[in-house]
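The values are calculated or read from the model by the stated rules, or taken from the named source; none is laboratory data. Keep in mind that this is a model prediction, so the values were computed, not measured. For neighbour counting, all protein chains shown are included, and Cβ atoms are generated from backbone atoms with ideal geometry for every residue, glycine included.
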Amino acid sequence: MLINKVREIAQSGRQPNILVIGDLMIDHYVWGDATRLSPEAPVPVVNVKSESTTLGGAANVAQNLISMGAKVTLGGLVGNDLSGEQLTGILEQEGIDTCAIIKDASRPTTVKTRVLAGSHQLVRVDREVTDAVSTELEDEMLNKLSTCITQADIVLFSDYNKGLFSPGLTQRLIQTINEQGKKIIVDPKGLNYSKYKDTYIIKPNRKELTEAAKAEKIKTIDDLQLAAKTIFEQTGAEYLVVTLSE
């Protein structure tokens, strides 16, 4: 049981070794004031006062795990660009092992830029390519992750539907991880949960579960159990953890 493994690690006093595999991104914020409209179009003109950059996606998950005392290795893709260098640089400063991060020249590093005036977000600009990874990249990713999987206590899939978790790579990863007797926790995205077949825990929120199970609504425990049954049949997962917001 996973809970026994967790207790064993906690009682030993050692850091749990967690392998996070997922979609990496940067959250870029532009802060300013907007006191007039542009003469070129009916949009506000933002006078920039400051900018900030934080880790997003699976990179943020890894950062949170580090802050809780875990030892974290992160696998994923960045572009061969300045944003990719910036992202890996921040990760390394945080003490996250980046040896399983691959540079993919065919896509940019995912950057989400939010422009805010005061407390109001005016626009979000996404720089990304969400095509599924190639077979060559699948092979490279599996090779990069082989040693990491062996050393990990548990593996976490952080899927943001940005192309890394193609059905082919996802199933190849699951097979490799399960062969080594490691448990997989999935934070899912998208409608195709069958690609997560044979994982240990899948953790959608209410909206994600409703969409993936093609349920009309989830308002009661009966609705929840019916939708959950659909996902269990699709995936064979041992557990489903559903966050219900308010």
Q.
Taking the conditions exactly as written (over 19 Å from Asp23 (Cβ atoms) and among the acidic types (Asp, Glu)), does Asp198 satisfy them or not?
A. yes
Q. Considering only the range 140-157, how many residues are loosely packed, with under 12 Cβ neighbours inside 10 Å and at pLDDT 95 or above?
A. 0
**Q.** Tabulated pairs, the range 176-191, first farther than 10 Å from Ile149 by Cα, second basic (Lys, Arg), C-beta under 7 angstrom, 6+ apart or interchain
**A.** Ile185/Lys203; Val186/Lys203; Asp187/Lys203
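Within the range 31-53, how many residues turn out to be of a type in the set (Val, Ile, Thr) and surrounded by fewer than 13 Cβ atoms within 10 Å (Cβ to Cβ)? So that I can check it myself, show each step before the final result.
Here is the first cut: in the range 31-53, the residues of a type in the set (Val, Ile, Thr) are 35, 43, 45-46, 48, 53.
Still in the running and surrounded by fewer than 13 Cβ atoms within 10 Å (Cβ to Cβ): 35, 43, 48.
Within the range 31-53, residues that are of a type in the set (Val, Ile, Thr) and surrounded by fewer than 13 Cβ atoms within 10 Å (Cβ to Cβ) number 3.
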Q. Among the residues of the range 101-128 satisfying the criterion of being touching a residue at least 24 places away in the same chain (Cβ under 8 Å) and hydrophobic (A, V, I, L, M, F, W, C), which is surrounded by the fewest Cβ atoms within 10 Å (Cβ to Cβ)?
A. Ala105
